[in-house]
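Student: I have a structure here, written as structure tokens, and I will follow up with some questions on it.
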Amino acid sequence: MDLFTFMNPNLNRPINIIETMRRISIEALGKFAFGYKFGCLESQEVPRLISVYDYIVSVLGSPFRLVFPWISELPLESNKKYLDAIKEFDGFINDIIETKRNEMKKDSYNGHDLLTSMIKQGEINIDKHQLRDEIATFFTAGHDTTTTALSVSLYFLAKYPEMQEKARAEVIRILGNEPIIPSLDQLKELKYVNAIIKETLRTHPPTPILTVRRLKKPIKVGSYILPINSTCMINTWKIHRDPKYWENPNQYNPERFLSSDEKRDKFAWIPFSAGPRNCVGQNLTLLQQRVVLSMFLLRYKWVLPENNVNKDKILLKSHFLLTPIDIKLVFTERINE
Ligand code: HEM
């Protein structure tokens, strides 16, 4: 079943866009990174993988557990449930690895995905547990972030119909009226769609705070000197809304990424972090988002349902990643104008 077949029974009624984008992002990551089909678009039922993952993330992000980590050691029913979920999630990861190993045994095998390279490397220097951890990292880092980014862009395109029309006009001009798989050159030409993606990553960076770093040498921040070995966290959310770098920072305005004369500090936009440990998947997600948004723009129109909870702004929760709580959108088939 493909994306459009999956969407058919979901037209003309409010649907949870985060869950839909999660299915799409998992499937895309599976294809590119693991050469694996998760089957998240095969049925309307919420896939077990998604419910187990959501549950694990909700426990990991619980502020109570973050403040009192020893709670996890207690013989509580909730801890047992959590460990069972981890075991089940490990089962999904092991299945990806085992399926790949079996495929690789075939003489005809010629896969070029990331997992194939990792397994080949693993024969030299990665042990079984490391490989499992790498796959789990890629699964989380690779789909959860893209899910949020796509959901937020679709939300704003529903909130501002004139932006949706402008983006659609650009996609039709470059790709034509029917959904096709775009070429790299065509994707590069989608300047306005790209600006939407960038503005979404500015206003709602899926990783609003970067993971902890320890200073190798003292640095000066404003009027403070942070000594060597201090642990620091970078607040991307705040940087992305700093009026020093952004005019009307709280306003969603993709146009700001179109004007070529805009001068900005190179660290004012850092949704993928910066430096040697920045995001390895940034080019992949930027391409993927352009493809998904253009396919939706060509095939559907969408609006916010009446009385939705996100009328004024998106309600958010943050564990280690930023996630909208509940965005519902109503899609209708677009009749070619
Ligand atoms: C909108 C989408 C994405 C955003 C906003 C994003 C953001 C980030 C950020 C900020 C980091 C650095 C974290 C830190 O240092 O604290 C990171 C690391 C990473 N990302 Fe992404 N990412 C995205 C998509 C992806 C995709 C699609 C993949 C995989 C295919 C991926 C794989 C990774 C990995 C493996 C790391 C760890 C790199 C390392 O530690 O050296 N990300 N990402």
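Student: For the stretch 288-301, in order, what is each residue's ³J(HN,Hα) by Karplus, 6.51 cos²θ - 1.76 cosθ + 1.60 with θ = phi - 60°, in whole Hz (x at glycine and Pro)?
Tutor: Result, ordered by residue: 4, 5, 4, 5, 5, 4, 5, 5, 5, 5, 6, 9, 10, 10 Hz.
Student: Can you give the extra length, in nm with one decimal, that the chain gains between Leu66 and Lys37 once fully stretched, where that is 0.36 nm per residue apart less the Cα-Cα distance?
Tutor: Working: separation 29, 0.36 × 29 = 10.44 nm, distance 3.40 nm.
Length difference between fully extended and current span is 7.0 nm.
Student: Exactly which trypsin sites (Lys or Arg not before Pro) in the stretch 38-145 are in a DSSP loop and have at most 11 other Cβ atoms within 10 Å?
Tutor: Details: sites: Arg48, Arg65, Lys80, Lys81, Lys87, Lys100, Arg101, Lys105, Lys106, Lys120, Lys128, Arg132; in loops: Lys106.
Qualifying residues, ordered by number: Lys106.
Student: With θ set to phi - 60°, apply the Karplus curve 6.51 cos²θ - 1.76 cosθ + 1.60 along the stretch 157-167 and write out the HN-Hα couplings as whole Hz, x wherever there is a Gly or Pro.
Tutor: For the stretch 157-167, the Karplus-derived couplings read 5, 6, 5, 10, x, 5, 5, 4, 5, 5, 5 Hz, x marking Gly and Pro.
Student: Distance from a point 7 Å along Cα→Cβ of Met233 to each backbone N in the stretch 66-82: keep the residues under 15 Å and list them by number.
Tutor: Within reach of a label on Met233, which here means backbone N under 15 Å from a point 7 Å along Cα→Cβ, the stretch 66-82 contributes 66-69.
Student: Give the calculated FRET efficiency between Ile209 and Asp107 to the nearest 0.05, with a Förster radius of 35 Å applied to their Cβ-Cβ distance.
Tutor: Values: r = 48 Å, r/R0 = 1.37.
Once rounded, the FRET efficiency stands at 0.15.
Student: With the chain treated as a Gaussian network of Cα nodes joined by springs under 10 Å, which of Thr285, Thr200, Thr231 yields the largest mean-square fluctuation?
Tutor: Evaluated over the chain, the most mobile residue of the options is Thr231.
Student: Sum up the charges of everything whose Cβ sits under 11 Å from the Cβ of Thr203, counting Lys and Arg as +1 and Asp and Glu as -1, but leave Thr203 out. Walk me through the intermediate numbers first.
Tutor: Working: positive: Lys198, Arg202, Arg241, Arg256, Lys313; negative: Glu199.
Around Thr203, the surrounding residues sum to +4.
Student: Okay, moving on. Using 0.36 nm per residue of separation minus the Cα-Cα distance, give me the extension gain between Lys263 and Thr5 in nm, one decimal.
Tutor: Working: separation 258, 0.36 × 258 = 92.88 nm, distance 4.42 nm.
Here the answer is 88.5 nm.
Student: Which value, in Å², gives the accessible area per residue of the chain when a 1.4 Å probe is used on the protein heavy atoms?
Tutor: Working: 18880 Å² over 337 residues.
Result: 56 Å² per residue.
Student: Taking only the Cα atoms of the stretch 54-166, how large is their convex hull per residue, in Å³? Please report the intermediate quantities before stating the final value.
Tutor: Details: hull volume 19.5 nm³, N = 113.
Residue-normalised Cα hull volume stands at 173 Å³.
Student: State to the nearest 20 debye the size of the charge dipole of the stretch 11-333 about its Cα centre, where the only charges are +1 on K and R beta carbons and -1 on D and E beta carbons. Walk me through the intermediate numbers first.
Tutor: Working: 45 positive and 37 negative charges, 202 e Å.
The calculation lands at about 960 debye.
Student: On to the next question. Over what distance in Å are the Cα centres of the stretch 290-306 and the stretch 102-123 separated?
Tutor: Cα centroid to Cα centroid, the span is 36 Å.
Student: Hey, another quick one. What value, in deg cm²/dmol to 500, does the helix sum -39500 (n - 2.57) over DSSP H runs of n ≥ 4 give at 222 nm once divided by the residues of the chain?
Tutor: On the way: 12 runs with 165 residues, N = 337.
Per the formula, -15500 deg cm²/dmol.
Student: What are the residues whose amide H is under 5 Å from the amide H of Leu316, where those residues sit 5 or more places off or on another chain and H is modelled from the backbone?
Tutor: It is Ile325, by chain and number.
The values are calculated or read from the model by the stated rules, or taken from the named source; none is laboratory data. Since the structure is predicted, the reported quantities are computational estimates derived from the model, not experimental observations. Quick reminder, even Gly has a Cβ in these numbers, built from the backbone with ideal geometry, and neighbours come from all protein chains shown. Side chains included, ligands, DNA and RNA excluded: accessible areas come from the protein's heavy atoms. Shrake-Rupley method; radii C 1.70, N 1.55, O 1.52, S 1.80 Å.
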